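Following: one structure in structure tokens, then a few remarks.
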Amino acid sequence: MSFEPHMRRALELAGEAAGAGEVPVGAVLVDGSGNTVAEARNRVEELHDATAHAETLAISAAARAGTDWRLTGHTLVVTLEPCAMCAMAAVWSRLGRIVYGAADPKAGAAWSLYNIPQDKRLNHHIELQHGLLADQAANLLEDFFRERR
């Protein structure tokens, strides 16, 4: 299955986040058939909530919309490598895969600093794919932070 269309939508959501003054991260949650079941963008500033990352918001929305909080077989497509909080939320919700664009060498917990989704000490493990449309995702972030300096 190609996740590029979903990543393009996540990039649109990240652009919306930037336009709202949020760190530009977007996430799309996809079921095993390739259907979008939830999507979100960062809303930390808007909601005054440090946990309102795109990934956690998408996971919560998908769990509420379905019949179970377990999202087995689902894929999280996100523009930036998940942080520790979001990576652990993915593990707790039993996601099957995370596909992300840009690596996060300062806070990434799905390969860069830590590899929470594949930590053998945990009871659930998640397949990781990285680098999908990474340049576009990285450019959004670089532009956002350059404007704030």
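The values are calculated or read from the model by the stated rules, or taken from the named source; none is laboratory data. In this text the structure is predicted, and so the values were computed from the model without any measurement. Cβ atoms come from the backbone with ideal geometry, glycine included; neighbour counts cover every protein chain shown. In case anyone asks, the SASA skips ligands and DNA or RNA and just uses the protein heavy atoms, side chains included. Shrake-Rupley method; radii C 1.70, N 1.55, O 1.52, S 1.80 Å.
Side notes on the structure shown:
- Relative contact order, whole percent, for region 10-149 stands at 20, derived from Cα pairs under 8 Å and 6 or more residues apart.
- Arg70 accessible area, assembled protein chains, probe 1.4 Å, Å²: 120
- Positive contributions from Lys and Arg (+1) and negative ones from Asp and Glu (-1), summed over other residues with Cβ under 14 Å from the Cβ of His124, come out at +3.
- Here Rg and Dmax of the Cα atoms in Å was computed from the coordinates, and among (1) 14.4, 41; (2) 14.0, 45; (3) 14.7, 48 the match is (2).
- In this structure the chain gives 51 Å² per residue of accessible area when probed at 1.4 Å with all protein chains present.
- Under the span-like rule (Cα at least 15 Å along the axis, Kyte-Doolittle mean at least -1.0), DSSP H helices of the chain: 4-19, 54-65, 134-148
- Taking Thr72, Thr51, Thr67, Thr79 and ordering them by how much accessible surface each has at a 1.4 Å probe, largest first, produces Thr67, Thr72, Thr51, Thr79.
- Within-13-Å neighbourhood charge of Ala40 [Cβ basis; K, R +1; D, E -1]: -3
- Of all DSSP beta bridges in the chain, antiparallel share, percent nearest 5: 55
- Accessible surface of the chain, 1.4 Å probe, proportion on carbon and sulfur as whole %: 51
- Charge tally for Ala102 (other residues, Cβ to Cβ under 9 Å; Lys, Arg +1; Asp, Glu -1): -3.
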